[in-house]
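Engineer: Can you read through this structure? Questions will come right after.
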Amino acid sequence: MSDLYLNSNFIVCMGFIVGGVFGSFLNVCAYRIPIGKSVITPPSHCPNCGVNIPWYRNLPFFTWIIQRGVAGCCSFKIPFRYWFVELMMGLFFAYFAYLYSKDSDLFSLVIRASFTWLMLVVAVTDFETMIIPDRFSAGGAFAGVLLSFYFPAMHLEIYNPSPWEHFSSGMESVSGMLIGSALLYWIGATAQIIIGREALGEGDVKLLGCIGAFCGWQGAIFAIFGGALLGTALILPVMFFQRLKASQSSESSHSKIEWGGEIPFGPFLAFAGLIYHVYASVYVDLWFNSFQSNF
């Protein structure tokens, strides 16, 4: 029993460390890809003075804390986001490793980790740049479809799939991609007619296609309404406190969130997709099944 406990703890710790490494790479992608730079070359360097960062100053989790958020080569302040993303990826991967230690399902571990990385890099990139690169949205959608054809367990509860079940799983992924992206497109088109300007970007539509490819049409629909609910729950309090602060100060800020202003929807879609994929799929699918059975 003690050996099993130690083995489980070791797997979880390894998951946390590996997650931190992938979180560090996520930060590189989120910074370089929107500006058209390679994620491989040049090696990690200070964005302020351009000095290459040695490996011992590039350790996930620890470097930011030891250096107190300041670069070792100059006075550049490393954004808190870098450390936070590494921590989040570490915690997610540790959780997936814990699940793996219980059921030894390597396939689920890899799919969960890949989808989580994809959603987090989209959330960070869109939040900071208002851009969702096609390699994440459209590329992720096609990857989800291909994986669904090859691994039917993504959509079907089977362990020895037949050729027909491989095909059925792939079609489930395709339908999720098409239904999700089409539904969000028409929501955006309708909103544009009502308010007279673009309400949703193409990146959001393609991102929802990616979520649908991995999670099916149920996950895509959940992401739309779950993302809208998350966005409302987070943005309204921010706007309230901004108004309250503005009423107490004569200073104005160009970074305030205002009614009618542009707000990235991708992060909320991504987090809603994560909630479905990591935790809520059992309950959401049960509700959809019971709803369908009444008709």
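The values are calculated or read from the model by the stated rules, or taken from the named source; none is laboratory data. The model shown is predicted, which means the values in this text are computed figures rather than measured ones. Reconstructed Cβ throughout: ideal geometry from the backbone, glycine too, with neighbour counts over all protein chains shown. These area figures cover heavy atoms from the full protein model, side chains too; ligands, DNA and RNA do not enter into them. Shrake-Rupley method; radii C 1.70, N 1.55, O 1.52, S 1.80 Å.
Engineer: Among the residues of segment 76-89, what is the count of those that are among the charged types (D, E, K, R) and surrounded by fewer than 21 Cβ atoms within 10 Å (Cβ to Cβ)?
Structural biologist: Number of matching residues: 2.
Engineer: Just give me the residues in segment 95-113 being in contact (Cβ under 8 Å) with a residue 24 or more places away in the chain and among the polar types (S, T, N, Q), in sequence order.
Structural biologist: Correct list: Ser101, Ser108.
Engineer: Identify, from the list Phe92, Phe115, Phe149, Phe107, the residue that is aromatic (Phe, Trp, Tyr), in a helix (DSSP H, G or I) and open to solvent by less than 20 Å² (accessible area, probe 1.4 Å).
Structural biologist: Exactly one of Phe92, Phe115, Phe149, Phe107 is aromatic (Phe, Trp, Tyr), in a helix (DSSP H, G or I) and open to solvent by less than 20 Å² (accessible area, probe 1.4 Å), namely Phe115.
Engineer: Let me ask something else about it. Which of the following residues is touching a His at 6+ places or on another chain (Cβ under 9 Å), at pLDDT 80 or above and not hydrophobic (A, V, I, L, M, F, W, C): Glu172, Glu165, Glu202?
Structural biologist: Glu172
Engineer: Run Thr63 past the list (1) surrounded by 15 or more Cβ atoms within 10 Å (Cβ to Cβ); (2) in a loop (DSSP other than H, G, I, E, B) and report the number of the one that doesn't hold.
Structural biologist: Going through the list (1) surrounded by 15 or more Cβ atoms within 10 Å (Cβ to Cβ); (2) in a loop (DSSP other than H, G, I, E, B), Thr63 breaks only (2).
Engineer: Can you find even one residue in segment 29-37 that is modelled with pLDDT of 85 or more, under 19 Å from the mean Cα position of the chain (by Cα) and open to solvent by 30 Å² or more (accessible area, probe 1.4 Å)?
Structural biologist: Looking for residues that are modelled with pLDDT of 85 or more, under 19 Å from the mean Cα position of the chain (by Cα) and open to solvent by 30 Å² or more (accessible area, probe 1.4 Å), one finds at least one in segment 29-37, hence yes.
Engineer: Taking Ala199 and the conditions (1) surrounded by fewer than 24 Cβ atoms within 10 Å (Cβ to Cβ); (2) assigned to a helix (DSSP H, G or I); (3) of a type in the set (A, V, I, L, M), which numbered condition does it fall short on, given that it satisfies the others?
Structural biologist: (2)
Engineer: Regarding Pro133, is this residue in contact (Cβ under 8 Å) with a residue 12 or more places away in the chain, more than 24 Å from Val284 (Cα to Cα) and open to solvent by less than 60 Å² (accessible area, probe 1.4 Å)?
Structural biologist: Here the answer is yes, as Pro133 does meet what is asked.
Engineer: Follow-up. Which is free of Cβ contacts under 8 Å to residues at least 24 places away in the same chain, farther than 19 Å from Gly227 by Cβ and in a helix (DSSP H, G or I), of Ser168, Ser175?
Structural biologist: Ser168
Engineer: While we're on this one: Restricting attention to segment 7-20, does a residue exist that is over 15 Å from Tyr82 (Cβ atoms), hydrophobic (A, V, I, L, M, F, W, C), open to solvent by 70 Å² or more (accessible area, probe 1.4 Å) and free of Cβ contacts under 8 Å to residues at least 12 places away in the same chain? Lay out the reasoning, then the answer.
Structural biologist: To start, the set of residues in segment 7-20 that are over 15 Å from Tyr82 (Cβ atoms) comprises 7-18.
Imposing the further condition that a residue be hydrophobic (A, V, I, L, M, F, W, C) reduces the set to 10-14, 16-18.
Next, from what is left, pick out any that are open to solvent by 70 Å² or more (accessible area, probe 1.4 Å): 10, 13-14, 17.
After this cut, where a residue has to be free of Cβ contacts under 8 Å to residues at least 12 places away in the same chain as well, the list is 10.
Among the residues of segment 7-20, at least one is over 15 Å from Tyr82 (Cβ atoms), hydrophobic (A, V, I, L, M, F, W, C), open to solvent by 70 Å² or more (accessible area, probe 1.4 Å) and free of Cβ contacts under 8 Å to residues at least 12 places away in the same chain, which makes the answer yes.
Engineer: Would you please list the contacts, defined by Cβ atoms under 7 Å and residues six or more apart or on different chains, that run from a residue in segment 63-81 that is without any contact (Cβ under 8 Å) to a residue 40 or more places away in the chain to a residue that is open to solvent by 40 Å² or more (accessible area, probe 1.4 Å) and among the hydroxyl-bearing types (Ser, Thr, Tyr)?
Structural biologist: Once the first residue is without any contact (Cβ under 8 Å) to a residue 40 or more places away in the chain and sits in segment 63-81, its partners that are open to solvent by 40 Å² or more (accessible area, probe 1.4 Å) and among the hydroxyl-bearing types (Ser, Thr, Tyr) give Trp64/Tyr82.
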